[in-house]
Amino acid sequence: MTTATDIAEAQLKMPVRREPDIGRRLLHRTLKPLIGTPLNAVITLACLWVLWLGAKGAYGWLVTRAVTEGGAQACKVGNGACWPFYEAKLRFMIFGVYPYDEQWRVLLAMILFLGAMGITMIPRFWSRNLLVLWGVTIVATAILIGGGVFGLSYVPTTQWSGLPLSFLLSAVGLAFGFPLGVVLALARSSTLPAIRVIAIIFIEVIRGVPLISILFMASVMLPLFMPSGVTVDKLLRAQIAIIIFAAAYIAEAVRGGLQAIPRGQHEAASAMGLHYWQAMRLIVLPQALKIAIPPLVNISIGFFQDTTLVTIIGLLDFLSTVRTAMTDPNWVGIAVLEGYVFAAFVFLVFSYGMGAYSRFLERRMRLGHD
């Protein structure tokens, strides 16, 4: 017979149950993927060591050993970043040869353009009102940069340069190239042989040559086919070449999205009584464009960076203004790394921003759950 004394002694002999250490479990869960095996631990430590060396070297070059005062002569004897170079050449690297006293107009136009782009990227504002917004933005940007009205002095396109020119070429090229690319993708997927063959020839020919060749042809050969006395602005020629080139690549990305749509979607649209264009606009194209988001963003990033190729036809893009600033006799051979670091930083910021927005769209549209 069990007595109260036996029960008490049994309870004393039972192990004490401890509450789980939440902090230890969290630390174990965090570190386990990094040091789960000896090889993983070695790779992690090596990567951390490389990152530490890179961060230490960058901090030393930018801060500890940097030259913050003086001019070119002070930077000659220093072994760190030359901040006076940015102070002297920052405006030229951004705005190029645009008239110095009128650069506020370009800055205001860029602010308006980026503001409209930021509003467009917010899903709650996706409506037809965006067409009005972009119409006003385009007109205001053209007036501010070009001038000639409202008391603003006229600035020829030969003086449009720097970062605003890169924005203009890439943004306008993609804006007009996208609808043309969608039409080409639909034409290449058409059941009509003539339309399909024309689309295939156009896409394959444009994609089969580099952008430099198309820019060169637009700048040099196109005027040869124009009537006598008729000239086309060099910037407009370059813009048309970029639009055509972008449309060919966008067409292939959209065509890939169209091929990923199950045949049942087309049959369901036909069963609902929708004709071809209604089915494409309401059912097929929205799904295809959603699937094509990653390649489309990749094309956008590539074309923003490829605007540096317009220097071959005499346009002064952002990278060209950076190079020109470095060849100034007062700074030549002194601030080479500083110029390229600044250019790389600008391209990195905008390219990473477009990539981050792409991931946001994918999450919002639940691309991986369809």
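Within the stretch 313-348, the set of residues being open to solvent by 20 Å² or more (accessible area, probe 1.4 Å), assigned to a helix (DSSP H, G or I) and of a type in the set (D, E, K, R) comprises just one member, R323. Please count how many residues of the stretch 69-101 are among the acidic types (D, E) and either surrounded by 17 or more Cβ atoms within 10 Å (Cβ to Cβ) or not in a helix (DSSP H, G or I) (or both). Here the count works out to 1.
Look at (1) modelled with pLDDT of 80 or more; (2) open to solvent by less than 30 Å² (accessible area, probe 1.4 Å); (3) more than 15 Å from V172 (Cα to Cα); (4) not acidic (D, E) and you find that A246 fails only one, number (3). Among the candidates S190, S170, S219, which residue alone is among the polar types (S, T, N, Q), within 23 Å of the chain's Cα centre (by Cα) and open to solvent by less than 40 Å² (accessible area, probe 1.4 Å)? Just one listed residue meets the conditions, S170.
Are any of the residues in the stretch 45-55 of a type in the set (A, V, I, L, M) and touching a residue at least 24 places away in the same chain (Cβ under 8 Å)? Checked against the condition, which is being of a type in the set (A, V, I, L, M) and touching a residue at least 24 places away in the same chain (Cβ under 8 Å), the stretch 45-55 yields no hits at all.
On inspection, S213 qualifies as hydroxyl-bearing (S, T, Y) and either in contact with a Gly (Cβ under 9 Å, 6 or more places away or on another chain) or over 17 Å from Q287 (Cβ atoms) (or both). Candidates in the stretch 118-140 are the residues that are touching a residue at least 24 places away in the same chain (Cβ under 8 Å) and within 25 Å of E362 (Cβ to Cβ); of these, the one that is least open to solvent (accessible area, probe 1.4 Å) is P123. In the stretch 226-234 there is no residue that is without any contact (Cβ under 8 Å) to a residue 12 or more places away in the chain, in a helix (DSSP H, G or I) and surrounded by 11 or more Cβ atoms within 10 Å (Cβ to Cβ).
The values are calculated or read from the model by the stated rules, or taken from the named source; none is laboratory data. For clarity, every value in this text was computed on a predicted model and none was experimentally measured. Note that each Cβ is placed from the backbone with ideal geometry, even for glycine, and that neighbours are counted across all protein chains shown. With ligands, DNA and RNA removed, areas are computed over all heavy atoms of the protein, side chains included. Shrake-Rupley method; radii C 1.70, N 1.55, O 1.52, S 1.80 Å.
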